[in-house]
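A quick write-up on the structure given underneath.
The values are calculated or read from the model by the stated rules, or taken from the named source; none is laboratory data. If you're wondering where the values come from, they're calculated on a predicted model, not measured in any experiment. Cβ: placed from backbone, ideal geometry, glycine included. Neighbour counts: every protein chain shown. With ligands, DNA and RNA removed, areas are computed over all heavy atoms of the protein, side chains included. Shrake-Rupley method; radii C 1.70, N 1.55, O 1.52, S 1.80 Å.
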Amino acid sequence: MTLTIPGFDQVRLPGTDGVELAAAVGGSGSPVVLLHGFPQTHLMWRHVAQRLADEHTVICPDLRGYGASDKPAATGPEVYSKRTMAADVVALAAALGHERFALVGHDRGALVAFRAGLDHPETLTHLGILDVVPTLDMWNVLHGVPAAVGYHLFLMAQPPGLPETMIANSADVYFGSFLDAWAGDPAALPEPVRAAYLRACAAAVPSIVADYRASAGIDITHDQADRDAGSQLAMPVTVVQQDWGTHLGYDAAAVWRAWAPDLDHRLTGAGHFMAEEAPDEITGAIRDLLLR
């Protein structure tokens, strides 16, 4: 049995380049799109989505390459670039009749949301980011032994073949290790939900690796071009993250302020899976963002 967000409709809608995305859609009102992170699916938004659906149309897609969405072969770096994945989200929202919408992303979904904010400023009304820094900055702040927390970034950046084989041969152990290590409250990931994430990831190893590999190549190129051009996010931005700045020795708020002049930067005591561990806190942050 496939787990779903209670009360939400399950749909398939066109992204770009013939790719279809699976999404859960519920509620009514101004649209809010929620993008999941790794190693998860749209199901991670189940608590927050139901809370927001009282006031908004809430759209929770599986990113291309994840969950029940299409997983095209990575025939080139652009297939899983965040630019392409952001264009998917804009196309999906348009297919539902929404030319403008608020966008919130967690982890990998936050990187897609960031790119959408730069590439489609006329489309996004508000931007929410959970527990990342932009790709270009992410590589710049990973130094020394503390950077070992991000070993997977380096593993999945390797040329095609080796990481896919290694991960596929131990998929449940590999993906499960992140669910264990990153959860501040393991009870927030009950066994049926954990099992759903592991099944989805095991079925998507090549595309997940391709997503990460893009972040060690083409995504850096795109971010650097925007930095060189002085591009910034034009909409109100809220960032909620763990205190990675202290752990890795950088000023997280300053990193984000360089990209987002209209910034609300918040630290949380929840673990990485904060939408599941602290849904009231995250729902509150999103509601505050939408009032700006």
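Points worth noting:
- The stretch 157-242, accessible area per residue, ligands and nucleic acids excluded (1.4 Å, Å²): 43 Å²
- Full extension of the segment from A95 to M166, taken as 0.36 nm per residue of separation minus the current Cα-Cα distance, would add 21.8 nm.
- Cβ crowding within 10 Å averaged over residues, with 220-226, 208-214 ranked highest first: 208-214, 220-226
- Think of a 1.4 Å ball rolled over the protein heavy atoms: the stretch 247-291 then has 42 Å² of accessible area per residue.
- Percent accessible area from carbon and sulfur atoms, the chain, protein chains only, probe 1.4 Å: 57 percent
- Stretched out straight at 0.36 nm per residue, the stretch from E78 to A258 would grow longer than its current Cα-Cα span by 62.2 nm.
- Here's the picture: a label point sits 7 Å out from the Cα of R266 along the beta-carbon direction, and within the stretch 125-162 the residues with their amide nitrogen under 14 Å of it are 127-131.
- Take S30: with every protein chain present and a 1.4 Å probe, its accessible area is about 70 Å².
- Surface accessible to a 1.4 Å probe, H98 within the full protein complex, Å²: 40 Å²
- Note on T221 and S28: the extension gain reaches 65.7 nm, defined as 0.36 nm multiplied by sequence separation minus the Cα-Cα distance.
- T268 - accessible surface, heavy atoms, 1.4 Å probe, Å² rounded to 10: 20 Å²
- The stretch 49-116: GluC sites (Glu not before Pro) in DSSP coil with no more than 13 other Cβ atoms inside 10 Å: E99
- Which labelled figure in (i) 21.2; (ii) 21.9; (iii) 18.8 is Kirkwood radius over Cα pairs in Å, once derived from the coordinates: (iii)
- Largest accessible area first, the listed residues R194, R227 line up as R227, R194 when surface is computed with a 1.4 Å probe on the assembled protein chains.
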